[in-house]
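Colleague: This is the structure I have questions about; it appears just below.
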Amino acid sequence: MTPRIAELLKSGQPDQLVTLRGWVRTKREQKTFSFLEVNDGSCLAGMQAVVSADLPDYETLIKRISTGASVTVEGKLVPSQGKGQRVEVQATGLILHGEADPETYPLQKKRHSFEYLREIGHLRSRTNTLSAVFRVRNACATAIHQFFQEQGFLWMHTPIITASDCEGAGEMFAVTQMDLNNPPKVDGKIDYSKDFFGKPAYLTVSGQMEAEVMAMAFSNVYTFGPTFRAENSNTSRHLAEFWMVEPEMAFCDLQGDMDLAESFLKYVFRYVMDHCSEDMAFFQERIDKSVIATAENIINNEFARVTYTEAIALLEKADRKFEYPVSWGLDLQSEHERYLAEVLFQKPVIVTHYPTEIKAFYMRLDEGGKTVSAMDILAPNIGEIIGGSQREERLDVLLDRIKASGLDPEAYWWYTDLRRYGTVPHAGFGLGFERLVQFMTGMTNIRDVIPFPRSPLNVEF
RNA sequence: UCCUCAGUAGCUCAGCGGUAGAGCGGUCGACUGUUAAUCGACUGGUCGCAAGUUCGAAUCUUGCCUGGGGAGCCA
């Protein structure tokens, strides 16, 4: 494979013979030659190619080349006479693969709004910002795997189709083979025994329970896969299909859970800063003047840690009016979380030990029973980026909690079996992958950090 | 789903009762080792959809659709 543009820009040597394959960002015609800026997605910058009019078919070829056209340029690397680039390619051969009619090609050589780019989801990755986002997204994913693999975690693939409503909450997408116009019925109700799985099935809302199963065999595991929520959420930080990272550790308590989450985030930020410095500089310059400082803040400082009870006390004595009431027992609202992370601490805050009533049944009941060993990591500008807990490993307590939540213990028979056979204290957390990428890049809308966003009424691309 | 703002040229927007504008883009030309090149000319529209008010509606009213921001739900 010939070196890609990122490699050539970094370490290409004069007189080196090279082949560029990519898409033309801009063409500048001169009297006896033309400049082509070719981008192949390997980095933000393109490679400037100088195409002489001496080339065969120059006239007809150059006329048909415009922004968006796909080309192969063969030639020799030479020091650039102009400013702005160290080297450029003196073309000896030029192939036009596909034209891009400038009258209709939706991408112009100018700034486009993200709203507009969402309408051309099949082309937007060819823009500077979106390509930088997706390179950073790739680096985040790589860093996540590398972090866990280095720590001895096994990557486990949890099912996408599931019969269990993991948390007893959250709208799920149904998976069915039944004819929706004429479903089989018994006594007027839909007869799921006739459906593909013989019972109702859904797209997963979390791989946590399966991760717990695997942690009880491999000690430390993580999942990294797609997750689906059928909630009618129309916000800049919700998707109907998003990716989630869920580590689960046997023989681990809440303290270990928090420590892992913090070193995990630090590792991922460090990795992206090291491997995507050019893209990060771009975000700093064009998207959010604080992304580099934020990254360094994450990497170099300890996260703040407070209990829910302490957080409530801090909010109560805040010299600011909140729209929603602050009172022990009530869940923290967005405005409260933002105040804690953005105003008070100005860095990620881990809030722990939430009231039992407002958290899921599987979270470990604390001494006294008023709180559970839960933790949320609240990030500036994003809100909740990680939610985790120590899991309830005591069978009797877990069964009580399931019943108290109005759920049927029978439906959780294999989950509770984990507490019958060789139970151990364990803990884990869930990280919203897109929120991490948002946090990293400063992109304000989550639909712009996933290549093909799914949200209510949005499934075109 | 709720609150709020907005939909006018390919894009970003101005116009807010008298019948359509700018910048950018695109096309053509000039000029030039250029860098979102520059300069000149040209090109461009069911004013989101439907009904209503009015002599007359892009402009006022109502409904609907779509998008942004905020909220809820959460990751």
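Colleague: Along each principal axis of its Cα atoms, how long is region A:306-461 end to end? Whole angstroms, biggest number first, please.
Modeller: 48, 46, 26
Colleague: Also, quick follow-up: Express the carbon and sulfur contribution to the solvent-accessible surface of chain A as a percent, rounded to the nearest whole number, probe 1.4 angstrom.
Modeller: The nonpolar share, carbon plus sulfur, comes to 50 percent.
Colleague: With angles folded into 0 to 90 degrees, how steeply does helix A:254-275 sit against the dominant principal axis of chain A? Use alpha carbons for both and round to 10.
Modeller: 0 degrees
Colleague: Related question: How high is the relative contact order of region A:353-415? Use alpha-carbon pairs under 8 Å, at least six apart in sequence, and give a whole percent.
Modeller: 27 percent
Colleague: Something else about it: Counting other Cβ atoms within 10 Å, which GluC sites (Glu not before Pro) in region A:255-362 have at most 12 and lie in a DSSP loop?
Modeller: Loop-located and lightly packed - A:302, A:323.
Colleague: Continuing with this model, one more query. Rounded to the nearest Å, what's the spacing between the alpha carbon centres of region A:229-283 and region A:333-386? Just the number, please.
Modeller: With region A:229-283 and region A:333-386 each reduced to a Cα centre, they are spaced 16 Å.
Colleague: Treat each spin label as a single point 7 Å out from the Cα along the C-beta direction, and report the residue A:10 to residue A:408 distance in nm.
Modeller: 5.7 nm
Colleague: Work through the residues other than residue A:10 whose Cβ is under 15 Å from its Cβ and net out their charges, Lys, Arg +1 and Asp, Glu -1.
Modeller: Local net charge: -3.
Colleague: What number, in nm² with one decimal, is the all-direction average of the projected area of the convex hull of the alpha-carbon atoms of region A:60-132?
Modeller: Projected over every direction and averaged, the Cα hull of region A:60-132 covers 6.4 nm².
Colleague: Taking the Cα atoms of region A:133-250, what is the range of coordinates along each of the three principal axes, in descending order and whole Å?
Modeller: Taking the Cα atoms of region A:133-250, the three principal extents are 55, 37, 21 Å.
Colleague: For chain A, give me the percentage of DSSP beta bridges that are antiparallel, rounded to the nearest 5 percent.
Modeller: Bridges in chain A that DSSP calls antiparallel: roughly 90 percent.
Colleague: Would you mind calculating the relative contact order of region A:5-105 from Cα pairs under 8 angstrom and at least 6 residues apart, reporting the percent as a whole number?
Modeller: Once divided by the residue count of region A:5-105, the mean separation gives 30 percent.
Colleague: Towards the positive end of the charge dipole of chain A, with charges on Cβ (+1 Lys, Arg; -1 Asp, Glu), say which of A:451, A:386, A:281 has the farthest Cα.
Modeller: A:281
Colleague: I've got another one for you. For region A:5-105, how many pairs of lysine residues have a Cα-Cα distance under 21 Å, where the two are 8 or more positions apart or belong to different chains?
Modeller: Counting lysine pairs in region A:5-105 gives 7.
Colleague: Report Rg (one decimal) and Dmax (nearest whole number) for region A:305-388, counting Cα atoms only, units Å.
Modeller: 12.2, 36
Colleague: Right, here's the next one. Excluding residue A:71 itself, what net charge comes from residues whose Cβ is under 12 Å from its Cβ, given Lys and Arg +1 and Asp and Glu -1?
Modeller: Overall, the nearby charge balance is 0.
Colleague: Could you work out the longest stretch of chain A that avoids the trypsin sites (Lys or Arg not before Pro) located in DSSP loops with at most 15 other Cβ atoms within 10 Å?
Modeller: The answer is A:112-288.
Colleague: Given a 1.4 Å probe, how much area per residue of chain A is accessible, in Å²?
Modeller: 49 Å²
Colleague: On each of the three principal axes of the Cα atoms of region A:70-186, give max minus min coordinate, whole Å, ordered largest first.
Modeller: Cα spread of region A:70-186 along its principal axes, largest to smallest: 77, 47, 28 Å.
Colleague: Let me ask something else. Just how far, in whole angstrom, is region A:422-453 from region A:178-214 if you go by their alpha carbon centroids?
Modeller: 27 Å
Colleague: With Rg and the Kirkwood Rh both taken from Cα atoms, where does Rg over Rh land for chain A?
Modeller: We get a ratio of 1.06 for chain A.
Colleague: Between region A:65-130 and region A:11-60, what is the C-alpha centre distance in whole Å?
Modeller: For region A:65-130 versus region A:11-60, the Cα centre distance is 10 Å.
Colleague: Express the Stokes-Einstein translational diffusion coefficient of region A:230-349 in µm² s⁻¹, to the nearest whole number, given a Kirkwood radius over alpha-carbon pairs, 37 °C and a viscosity of 0.692 mPa s.
Modeller: The diffusion coefficient I find is 191 µm²/s.
Colleague: In Å and on Cα atoms, what radius of gyration and Dmax does region A:5-105 show?
Modeller: 12.6, 38
Colleague: While we're looking at this one, here's another question. With all protein chains present, calculate the accessible area of residue A:196 using a 1.4 Å probe and round the result to the nearest 10 Å².
Modeller: 150 Å²
Colleague: Follow-up. Of A:110/A:266; A:321/A:359; A:321/A:347; A:321/A:403; A:185/A:359; A:189/A:359, which sit over 29 Å apart, Cα to Cα?
Modeller: Check vs 29 Å cut-off fails for A:110/A:266; A:321/A:403; A:185/A:359; A:189/A:359.
Colleague: Solvent-accessible area of residue A:173, probe 1.4 Å, all protein chains present, reported in Å² to the nearest ten, please.
Modeller: 80 Å²
The values are calculated or read from the model by the stated rules, or taken from the named source; none is laboratory data. This structure is a prediction, so every number in the text was calculated from the model and none was measured. Backbone-built Cβ (ideal geometry, glycine too); neighbour counts: all protein chains shown. Protein only, heavy atoms only, side chains kept; ligands, DNA and RNA dropped before computing areas. Shrake-Rupley method; radii C 1.70, N 1.55, O 1.52, S 1.80 Å.
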